[in-house]
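The values are calculated or read from the model by the stated rules, or taken from the named source; none is laboratory data. None of the values given here were measured: they were computed from a predicted structure. All Cβ positions, glycine included, derive from the backbone under ideal geometry; neighbour counts span all protein chains shown. These accessible areas exclude ligands, DNA and RNA; they are computed on the full protein's heavy atoms, side chains included. Shrake-Rupley method; radii C 1.70, N 1.55, O 1.52, S 1.80 Å.
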Amino acid sequence: MSPYAAAVARVVQRVRSTCSRRGVCLVVPLMVLLPLVLATWGLAHHIYFDRSGVPELEPFVRFELSSTGTVYDARGTVLVELAREYRQVVSYEEVPLILRQAILAAEDKNFFTHSGVDYRALPRVLYRTAMSSVGAWGSGKGFRLRLRQGGSTLTQQLVRGYFLRDRWSRENDATLFRDKLTWRLLSVVVGVPATNKLFRKLEEVRLALWLEEEMIRRFGSRERAKREIFARSASFNYLGNGRYGFAAGSQYYFGKPLSTYTMEDAGKAALLAGITKAPRDYLPVPGNARPLRRRNEILALMARNGDIPESLAKRLQAEPVLVAKATSPVKTQAPAAIDTVFDELRQHGAGRFGVEDLLQGRILVHSTVDQRVQTIVNDALETGLGHYEKRHPQAKGLIQGSVVVLRNADAAILAEAGGRYFYKNRYARYSDFNRATGSLRQAGSAWKPMVYLAAFREGLNLDTAVPDEPIAVPMGADRPVKWIANYDNEFKGPIPMRQALAESRNAVAVWITREIGLDRVIGTSRELGVHTPLQPYITTALGASEVRLLELAGAYRAMASGILAEPYIIDRVTDAAGEVLYEAARTALEFSSSHLTLIQEGLRGVVRIPKGTAHSLYGRDFPIPVMGKTGTTSDFRDALFVGSTYGPQGVTVAVRIGFDDNRTLGDKETGGRAALPIFREIMLMTYQQELVGSVPSFPRQIEEGIDQYLQRQAPDLGDSQAEDHHRTLTASPHHQGEQAR
């Protein structure tokens, strides 16, 4: 027999005995009171003595909450801090005295003297509940028990949020937490939400008493236990705008670490302490009367408690609510790079880690990005787009661009911009569309190096004569052929391949592709790292197929370095303790050097040959030897430039400019005009600041091959053109393999 049944049996037996002796039966009134007495005794026993089903204490003692995950750049600089909850866990000593006093004045002035529940607040809570319930009844809403918020101690608040969060979040549902007779009967009288809230409140009281008992037992004294509970409360409470704990809240709203607080900061302390009551209502917003009134009430309580002088309280009460100047909502200078980090976490996690682990602070990511280079990229992109907007004012704020910077040696991503830094009246976020990896757009003439490299592999060379003449391509059944034109609408007849590449002659690219076969071109692009499916049409030779900018950058990097490698951005992943969970594989393959030298010399010729589309990158105002190619798509919809410094020690930069809706950039907005200046600025600033080492020079063999071509062309030119050729041979300080500065 259970203790409760035995107790009932004893009471009934005593009642029967009394009735038989006195002749007056008191069973009826006693039987009415009996359930109430037993229920009260059972409830008291459950709250004060029953410790069955209590949560595990150890996680609370360790206080292992989700924290902040960090992505670092290659030098250990923080690129971004990510979290589901932005929180700073603090100890009791790290909470300044003035803030402790504000918290206690606002929430629980008897915290250090009660045992988890402040019974002195009970009359106030009962009065508020009665008035609220009667008021609702009087207004015609029917009688329902309306339990008012308030009266909870710091311990109860912590228990509610830490141990009873799920129950607390669901107590206003139309379903009872427990389908018991007592719960059902009570819900008929007071309603389901009130029943849920009442029993949640009773459980909150029980666990608050239990928690204080256990913390005293664990830490050896009431004072130490109280301090530990206070510190956890100060680190746990929600302060709005995704910030948890007073340290994170102070930094967010005031730009002020807790360690700097003095008595003069009582106003800020009161504002923070006032938020926890109802973050939605009491966030410190200038001009909002509610947080101002709440702050002033707390300052008055602090003065009444003797925490601050009354004169200081009055002075601070007269001040307006002030918060730190709004900072950029951008959490990182490299939002696109963080998006790529997420992609690689999904790719390499293999069930061991993932994006959620980063957001929960369980892992740290060390990336290949150099934030210094990233800043240069951001600024150069904005500058270049600004120049375009000056030429086309109607496009202001609408034009977009993307940039990728790769290290030639291993394809590490040094910087990545998936769009402009400020777009459509807000700063970029890592959740925004990443145009460097997600946008499939035509490559235009930037694709032609794939054609030429494939041709070199089939036995052609830079001096092979190729026909620059009208050529037609079929457009499908029942459709007329398309005649391929050059940008200048002229044809030059037989010309060397190096000249055709430098001047970006469309007719030649189509002729070469027809001669060697489109499959050779596609195969070469696959080997260089282009994985996007390509159209099996001859116009792919002119960049009609859509590819990602990162793929295009990777292909040029391979041609510049002679090393095959996939672009990557995560160098390693560690857990919170520093144990390495993943490290990027350092695998790289070399490919044919003879064909490689030909395409390198060809792309260097695009810069050095006077009529090359990138000849503006050759001269004393740009003392960096580079190779590269412009790209302009149909109807001037996109402008590109992709180029590299030489060899494994160099870097590759890819730039694409265009509108998201694929409208035209405008007449003559070519890759050389819209994209090349951005490339130029990135290269100049990166090498001037010596962020990627010294500038590598091209081998003498490559430079002399171009010299010999230019010398052969000089006798056939007029005086002015010959003079230009002479300047081309002598203008650059890094000519003939000399190291650039």
Open item on the list: Keeping every protein chain present and rolling a 1.4 Å probe, give me the accessible area per residue for the stretch 392-520 in Å².
Closed with: 42 Å²
TODO: Please list the radius of gyration and Dmax for the stretch 601-650, considering alpha-carbon atoms only, with Å as the unit.
DONE: 11.7, 37
Open item on the list: Could you tell me the ratio Rg/Rh of the stretch 551-663? Both radii from Cα atoms, Rh via Kirkwood.
Closed with: 1.09
- [ ] Run the numbers on the stretch 389-451 and let me know its relative contact order in percent, using alpha-carbon pairs under 8 Å that are six or more apart.
- [x] 25 percent
Task: Theoretical gain in end-to-end length, Leu684 to Asp707 [0.36 nm per residue, Cα-Cα removed] - done: 5.8 nm
- [ ] Report, as a whole number in µm² per second, the diffusion coefficient that Stokes-Einstein gives for the stretch 665-707 at 20 °C and 1.002 mPa s using the Kirkwood radius over alpha carbon pairs.
- [x] 166 µm²/s
- [ ] Give the peptides 442-448, 81-87, 565-571, 49-55 in descending order of average Cβ contacts within 10 Å, highest first.
- [x] 442-448, 565-571, 81-87, 49-55
Task: Theoretical FRET efficiency, 1/(1+(r/R0)^6), r = Cβ-Cβ of Arg290 and Ala318, R0 30 Å, to 0.05 - done: 0.95
Task: Computed FRET value (nearest 0.05) for Phe422 with Arg84, which takes r as the C-beta separation and R₀ as 35 Å - done: 0.85
Task: 1.4 Å probe accessible area per residue over the stretch 584-667, in Å² - done: 34 Å²
Open item on the list: So, R0 is 41 Å and r is the distance between the beta-carbons of Glu93 and Asp379; what FRET efficiency does that work out to, to 0.05?
Closed with: 0.40
Task: Surface/4 estimate of mean projected area, convex hull on alpha-carbon atoms of the stretch 367-467, nm² - done: 10.0 nm²
TODO: Could I have the simple spin-label model distance between Phe112 and Glu579, label points 7 Å from Cα toward Cβ, reported in nm to one decimal?
DONE: 4.2 nm
TODO: Run the quick spin-label model on Glu490 and Ala300: label points 7 Å from Cα toward the beta carbon, then report their separation in nm to one decimal.
DONE: 8.7 nm
TODO: Give me the lysines in straight-line cross-link reach of Lys482: C-alpha distance below 23 Å, same-chain residues under 8 apart excluded.
DONE: Lys448, Lys492, Lys668
TODO: Label the stretch 458-539 by shape, choosing from rounded, prolate and oblate, from the square roots a ≥ b ≥ c of the eigenvalues of the Cα gyration tensor; if a/c is under 1.5 it is rounded, and otherwise prolate applies when a/b is larger than b/c, oblate when it is not.
DONE: oblate
Open item on the list: Going Cα to Cα from Lys256, which lysines come in below 25 Å? Please leave out same-chain ones fewer than 8 positions away.
Closed with: Lys268, Lys277, Lys314, Lys325, Lys331
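Ranked highest first by average number of other Cβ atoms within 10 Å, how do 377-384, 229-236 line up?
Per-residue mean Cβ counts within 10 Å order the peptides as 229-236, 377-384.
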- [ ] Using label points projected 7 Å from each Cα along Cα→Cβ, tell me how many nm separate Ser259 and Arg280, to one decimal.
- [x] 3.7 nm
Task: Full-extension gain in nm, Leu691 to Arg120, via 0.36 nm per residue minus C-alpha separation - done: 198.9 nm
Task: Flagged links, alpha-carbon separation over 21 Å, of Lys396/Lys611; Lys390/Lys424; Lys197/Lys226 - done: Lys396/Lys611; Lys197/Lys226
Task: Cα pair distances exceeding 19 angstrom across the stretch 289-447, given as percent - done: 69 percent
Task: Shape call, the stretch 307-385: gyration tensor on alpha carbons, a/c limit 1.5 - done: oblate
- [ ] Can you tell me which of 64-71, 97-104, 400-407 comes out highest on packing, and rank the rest after it, using the mean Cβ neighbours within 10 Å?
- [x] 400-407, 97-104, 64-71
- [ ] Pull out the extension gain between Gln347 and Thr664, defined as 0.36 nm times the separation in residues minus the alpha carbon to alpha carbon distance; nm, one decimal.
- [x] 110.5 nm
